[in-house]
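Q: This is the structure I have questions about; it appears just below.
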Amino acid sequence: MSFRLARKAQEVADRLIGEHHGHLQGVTVTAVFVDKVPTSKGRQVWARAKKIGGLNAFLIFAESVRRFASPTEAHEYGDQPHDLFVLEVAEDAWSKLTEEGREALIDEALCSCEIEWDEEGNTKLAVVGPDVSGFRDVVKRHGLWREDLEEFVRAGVEQLSLDAVDEAGGVQEEGGGEDALDRATPDGGGVRATLEHNGRVVDVHTGEVLAGGRSS
């Protein structure tokens, strides 16, 4: 696997840190492209964050000192360099995404970058997992059975439905009072899916929201 600096991805990361990830201001976050799409547990990983610390962080620091400053500065114990984050972005996947998709990809990677505090009040960097982990078939069979699933879907419903009513020019009424996630067969070349949660219905067709509202 080969790497190169990702200038465009870095620009997106810097902007998103200022807009949504203020806790990362002052922390070194460097975006790099990888020439192959990595996989994890059989799934493609388009972007991921990694923490660089300890000896690896020191070697980066020592190399920069060797090139641009007095070599003796890297020969003293003194203060050690701070840990940093690296965002690995699969360039092949990046090249196929829209601007909005690229922003979401980097935003997701940045969400896994956290700062923690130890008992002495010192900060340390950490890479955390996503808010939700689960299987589609379990949701289809048992619904939103965990609180984290319910909160995750609620966030998506709210984001999708706010603009959907205005764009559709009306509200689609659906029956049924229980939470449901239904996926129908292909319809007219696309897939129609109806998601109902706490009385709110969103009808999605080929990735576009048709309407959203309250169920009767």
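The values are calculated or read from the model by the stated rules, or taken from the named source; none is laboratory data. These numbers were taken from a predicted model, which means no experiment stands behind them. Backbone-built Cβ (ideal geometry, glycine too); neighbour counts: all protein chains shown.
Q: Limited to the stretch 101-118, what total is found for residues that are out of contact with any Asp or Glu (no Cβ under 9 Å at 6 or more places or on another chain) and in a helix (DSSP H, G or I)?
A: 9
Q: Could you list all residues from the stretch 89-100 that are touching a residue at least 60 places away in the same chain (Cβ under 8 Å) and not in a helix (DSSP H, G or I)?
A: Matches in the stretch 89-100: VAL89 only.
Q: Kindly provide the set of residues from the stretch 119-154 that are in a loop (DSSP other than H, G, I, E, B) and over 30 Å from VAL89 (Cα atoms), ordered by number.
A: GLU119, GLU120, GLY121, GLY143, LEU144, TRP145, ARG146
Q: Sticking with this structure for a sec: Just checking, which of GLU119, GLU158 is modelled with pLDDT of 80 or more and within 28 Å of LEU24 (Cα to Cα)? Break it down into steps so the answer makes sense when it comes.
A: Working: GLU158 fails: modelled with pLDDT of 80 or more.
None of the other options fit; the residue is GLU119.
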